Structures are given as structure tokens and as C-alpha cells.
Amino acid sequence: MIRNFRHFPNGVVWDPRGKYLVAMSTDRKLDIIDAAKGSKLKCIWSVHMKAGIFCGEHLQAEVC
């Protein structure tokens, strides 16, 4: 069970291989969680993308 969210979760997505869980909460923060342990691995609170065609090198994220 996942606990200690800052705010109510808006959505939860499982990694297709079952290793990770990603949760987006009402405070607009995205948590990447180890599915087996239930521990938070990373928190992302802001994502910046350059205008135009999306490509991996144009993605920047700010980590909590």
C-alpha cells in the first residue's frame, strides 16, 4: 500500500513490467514509486518542453 501522499492522487499508472508505479497528485507533483517496496524513488514537480516537435533531448524536468 502506498501512503504519505501530500495531496489526493489524481491518477495512478503501472509500469507495463510491474516494476514502477507513477502517481500524479492534486498538488501537480508526479511521484515515481518502486512497486515492490512502495518507496518513492523520485518526485517531479515541473516539466518544461521547447515548442515544436517533441523529442527526448528537448525535455527538461525539475526534481523535488
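The values are calculated or read from the model by the stated rules, or taken from the named source; none is laboratory data. The structure displayed is predicted, hence computed values, not measured ones. Here the Cβ is made from the backbone with ideal geometry for all residues, glycine too, and neighbour counts use every protein chain on show.
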Which strands (runs of 3 or more DSSP E) does the chain wholly contain that include 1 or more residues that are modelled with pLDDT of 60 or more and surrounded by 11 or more Cβ atoms within 10 Å (Cβ to Cβ)? 9-14, 20-25, 30-34, 40-49
Inside the range 22-34, the number of residues satisfying the requirement of being in contact with an Asp or Glu (Cβ under 7 Å, 6 or more places away or on another chain) and over 15 Å from Trp45 (Cα atoms) is 0
